[in-house]
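Every number here is computed from the coordinates shown, using simple stated rules; none is lab data. Quantities reported herein were computed from a predicted structural model and do not represent experimental measurements. Glycine also receives a Cβ, built like all others from the backbone with ideal geometry; neighbour counts cover every protein chain displayed.
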Amino acid sequence: MFQPVLRSPARFALFCLVAVMVMLSVTQAIPAQGAVRVRHRPALVVASAESHLEPVQDAVFFRPFMQESGLSVTHRAWDGSLTELDRHGLHAATADTWSLVFTEDSTIRAACMDGLLVRLAGSATNPDGCGVPGLTTQVVVAWDPTWRQVAPQWGDFWDVVRFPGKRGLRRDPRTTLEIALMADGVAPGDVYAQLSTDAGVDRAFRKLSQLRPYITWWSTPQQAASILAHGQVLMSSAPSDAVMMSPAQGRRVIGVSTDMALSYGLSWGVVAGQVAARLGQSRELLHFIVQPDRRDNFTTHYATTPRPDAGHPARVLPMDVQFWQAHYATLSHRFDIWLRGAG
């Protein structure tokens, strides 16, 4: 007959302890009924060609949005090219998709027309819904005042005999061709009429060729501010906000002249090609950014409008977005040929 085996008290207690531990591990492995699985949501990606604005945008837009929505936002530097935008939009892997972009209006419009950005609700000032205005700034003459107290103009910019030294110009036909014509004596109001003709384009490139050996090229606002701050150029074309927001290098102070400046807008765009849920979150972020109180708060923190020279009333040339929409491809091709020394 079967006889039960009597266990010692110590052995029996050890057996009970092991059993309880096993039961606890099984219980933890099975989620309770109705428990919510927490999944990581990828950050919304804001790509910008104006990275000097990121600290202010973080403080005014992105951090408050993250606190309110629970969604995270991260930055990416963008070279402003449509090719890179396409790689992170319509033809991007899911993990590489951008959410919003922020750059100059001419780029926003070109991207919108190519289907790389989502068309938004139009308005009286923006009937085709290509982007949402975010800021207006200027490309100005910037220089080192320790060399010259009086603000130089574009004509002085080309005078390497009286003012020897390197010059900074944007590696892009936009703003650069307008500046060349103004340096050649064309009044700001006549610049685009000239650039609309073959003779006017030839004139602009001839003027650029005079300065070619002295040019240090910049591609981003940060580069323009950097070459000035480090004394690599005597003077440069440069976005005024980038120069004025740039950290000072030692005791170097950069002067800014608004006379014959080119004003242009910067806008937000929603990247096309996002999945529906992500697109909704991107629109939510944009809606948060464009609220009047937040835009006013941004303007207060931004506050980098240069003071006009009282002795010379500023003449400002608004950048013609429609002109560049029609002519950018052609003029960019010719500019690239000229850069290679074949033009």
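For Ser209 and Val150, calculate 0.36 nm times their separation in residues minus their Cα-Cα distance, and state this gained length in nm to one decimal. Please list the in-between numbers first.
Working: separation 59, 0.36 × 59 = 21.24 nm, distance 2.64 nm.
The Ser209-Val150 span can extend by a further 18.6 nm.
Which length gain, in nm to one decimal place, applies between Asp96 and Glu284 when the Cα-Cα distance is subtracted from 0.36 nm times their residue separation? Spell out each step's value before the answer.
Numbers: separation 188, 0.36 × 188 = 67.68 nm, distance 1.95 nm.
My answer for the length gained is 65.7 nm.
Return the distance in nm (one decimal) between the two label points of a simple spin-label model at Val316 and His230, each offset 7 Å from Cα along Cα→Cβ.
Inter-label distance under the simple model: 3.1 nm.
Of the listed peptides 281-288, 72-79, what is their order by residue-averaged count of other C-beta atoms within 10 Å, with the highest listed first? Display every interim value, and only then the final one.
Details: 281-288: 17.4, 72-79: 15.4.
Output ranking for 281-288, 72-79: 281-288, 72-79.
In a shell of Cβ-Cβ distance under 13 Å around His75, excluding His75 itself, what net charge do Lys and Arg (+1) and Asp and Glu (-1) give?
Values: positive: Arg63, Arg76; negative: Glu50, Glu54, Asp58.
Taking every Cβ under 13 Å from that of His75, the sum is -1.
Using 0.36 nm per residue of separation minus the Cα-Cα distance, give me the extension gain between Ser263 and Arg76 in nm, one decimal.
Details: separation 187, 0.36 × 187 = 67.32 nm, distance 2.51 nm.
Contour length minus Cα-Cα distance gives 64.8 nm.
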